[in-house]
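The values are calculated or read from the model by the stated rules, or taken from the named source; none is laboratory data. All of these numbers come straight from a predicted model, not from anything done at the bench. With ideal geometry, Cβ positions are generated from the backbone for all residues, glycine too; neighbour counts draw on all protein chains shown.
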Amino acid sequence: MKLPHSFAPHRTWAQRSAALASWLLLASAGAHAATAAELATAQATVDQMQPSATLRKIVENGAIVLGTRESSVPFSYTVKQQPVGYSYEIALKVVDEIKKRLKLPNLAVKNVQVTSANRISYVVNNQVDLECGSTAHVADRDPLVAFSNSFFQYGIRMAVKKKSGIRDYADLANKTVATTAGTSDERILRQMSIDKKLNLRIISARDHAEAFAALKSDRAVAFVMDDPLLYGKIAQEGAARGEYIVTGASLANEAYGCMMRKGDPVFKRIVDDVIANMQRSGEATKLYETWFMRPIPPDGMNLQFPMSPEMKALFANPNDRTVD
């Protein structure tokens, strides 16, 4: 199911908020299930295509299973128990393309919430067919899963309270720092602590919300994470957002991609083509503006996170390369 067209940038926040409420109500009611005739047609279509275990599984189940996140604002997060976000909209565009390819307009979409710690195993073990959230395409994940063309590039930095006086990583020596378990950020942070002899005490939180809560409650002096996610958590603080800053040189530059099972080039090509077409056509730029430069649900927060030169270069030349 698509997000409402009223999420287009020219609409007011009040109009978009009302449309979101209507969309969530519709989503909770569930989409129409595919009929037996539609599934038979889809099965015949798959039989005529190059082999794809993922597409065959989708037809056999009459549904595609998307891996979603709870608090990866603004990429994939939950509003009134329904997933929304920049990455989630990309996943829905892939679903639209699969419906066309399979001639299955009423293909059901099932959302399964994953975490940083279990998202790879959910893909490997066939529990989700596609995960478009905030998963970095780093080289050590390539033996386990396949990644689509990248849809976001970013740096790894830290959020701190302004009053703390912390501005660079040397200021963290012998202090407690939060990050999210199962992320490349956690590995990089631990290695930095060793290399720079910082003796960090590291809180490996279950998700980004829990990690930011450690900073907010002063159980940690910093939250190290992908910089767009840091801006997302700070934006959720509303009037208190001015109490926090994102600081420090980037520890690494990485890119997000959609994650899927290895060994299915047909399915990967569909996902890659959808992302590349969005980027070359300007649709991805409009989507970026909607989620990073304008008010977003649930409370109309605005990340005010302009597109970087690296992102513009990625959109001009879609690719699935790692940047680590």
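Checking T247 against (1) surrounded by 15 or more Cβ atoms within 10 Å (Cβ to Cβ); (2) closer than 30 Å to S52 by Cβ; (3) out of contact with any Pro (no Cβ under 6 Å at 6 or more places or on another chain), only one condition comes out false. Which one? Among (1) surrounded by 15 or more Cβ atoms within 10 Å (Cβ to Cβ); (2) closer than 30 Å to S52 by Cβ; (3) out of contact with any Pro (no Cβ under 6 Å at 6 or more places or on another chain), T247 violates only (2). Considering only residues in region 38-68 that are part of a strand (DSSP E or B) and not hydroxyl-bearing (S, T, Y), the one that is farthest from L104 (Cα to Cα) turns out to be G67.
Tell me, yes or no, whether region 210-225 has at least one residue that is of a type in the set (D, E, K, R) and either within 20 Å of S250 (Cβ to Cβ) or not assigned by TED's automatic domain parsing to the domain that holds G242 (or both). Even if it seems obvious, please write down each step before you answer.
The initial filter retains those residues of region 210-225 that are of a type in the set (D, E, K, R), namely 210, 216, 218-219.
This time we only want the ones that are either within 20 Å of S250 (Cβ to Cβ) or not assigned by TED's automatic domain parsing to the domain that holds G242 (or both), so: none.
Looking for residues that are of a type in the set (D, E, K, R) and either within 20 Å of S250 (Cβ to Cβ) or not assigned by TED's automatic domain parsing to the domain that holds G242 (or both), one finds none in region 210-225, hence no.
Would you please name the residue that is farthest from the chain's Cα centre (by Cα), looking only at residues in region 151-179 that are among the polar types (S, T, N, Q) and surrounded by fewer than 24 Cβ atoms within 10 Å (Cβ to Cβ)?
Filtering region 151-179 for residues that are among the polar types (S, T, N, Q) and surrounded by fewer than 24 Cβ atoms within 10 Å (Cβ to Cβ), the one farthest from the chain's Cα centre (by Cα) comes out as N174.
For region 198-216, taking the residues that are under 18 Å from G133 (Cα atoms) and of a type in the set (A, V, I, L, M), the one that is surrounded by the most Cβ atoms within 10 Å (Cβ to Cβ) is identified as A211. Residues satisfying the criterion are absent from region 131-148 (criterion: buried (at least 22 other Cβ atoms within 10 Å of the Cβ) and over 22 Å from D273 (Cα atoms)).
Kindly establish whether V266 is over 16 Å from F315 (Cα atoms) and assigned to a helix (DSSP H, G or I). Lay out the reasoning, then the answer.
Values: over 16 Å from F315 (Cα atoms): yes; assigned to a helix (DSSP H, G or I): yes.
Here the answer is yes, as V266 does meet what is asked.
The residues in region 158-187 that are touching a Ser or Thr at 6+ places or on another chain (Cβ under 6 Å) and either without any contact (Cβ under 8 Å) to a residue 24 or more places away in the chain or among the basic types (K, R) (or both) can be counted, and the count is 2. Taken over region 269-304, residues that are buried (at least 18 other Cβ atoms within 10 Å of the Cβ) and either free of Cβ contacts under 8 Å to residues at least 40 places away in the same chain or assigned to a helix (DSSP H, G or I) (or both) amount to 14.
Looking at region 92-138, which of its residues are among the hydrophobic types (A, V, I, L, M, F, W, C), touching an Asp or Glu at 6+ places or on another chain (Cβ under 7 Å), in a loop (DSSP other than H, G, I, E, B) and over 21 Å from A252 (Cβ atoms)?
Step one: of region 92-138, the residues among the hydrophobic types (A, V, I, L, M, F, W, C) are 92, 94-95, 98, 102, 104, 107-109, 112, 114, 117, 120, 123-124, 128, 130, 132, 136, 138.
Pick out the ones that are also touching an Asp or Glu at 6+ places or on another chain (Cβ under 7 Å) and you get 104, 114, 123, 136, 138.
Restricting the remaining residues to those that are in a loop (DSSP other than H, G, I, E, B) gives 104, 114, 138.
Selection gives L104, V114.
Can you tell which of R219, R241, R190 is under 22 Å from S76 (Cα atoms), surrounded by fewer than 20 Cβ atoms within 10 Å (Cβ to Cβ) and free of Cβ contacts under 8 Å to residues at least 60 places away in the same chain? Steps first, please.
On the way: R219 fails: under 22 Å from S76 (Cα atoms); R190 fails: under 22 Å from S76 (Cα atoms).
That would be R241, the only listed residue that is under 22 Å from S76 (Cα atoms), surrounded by fewer than 20 Cβ atoms within 10 Å (Cβ to Cβ) and free of Cβ contacts under 8 Å to residues at least 60 places away in the same chain.
So, D324, is that one among the acidic types (D, E), modelled with pLDDT under 95, assigned by TED's automatic domain parsing to the domain that holds V128 and outside any helix (DSSP H, G or I) or not?
Values: among the acidic types (D, E): yes; modelled with pLDDT under 95: yes; assigned by TED's automatic domain parsing to the domain that holds V128: no; outside any helix (DSSP H, G or I): yes.
Answer is no for this residue.
Can you pull out every residue in region 79-89 that is buried (at least 18 other Cβ atoms within 10 Å of the Cβ) and either within 8 Å of the chain's Cα centre (by Cα) or not hydrophobic (A, V, I, L, M, F, W, C) (or both)? Hits for region 79-89 are Q82, P83, G85, Y86, S87, Y88, E89.
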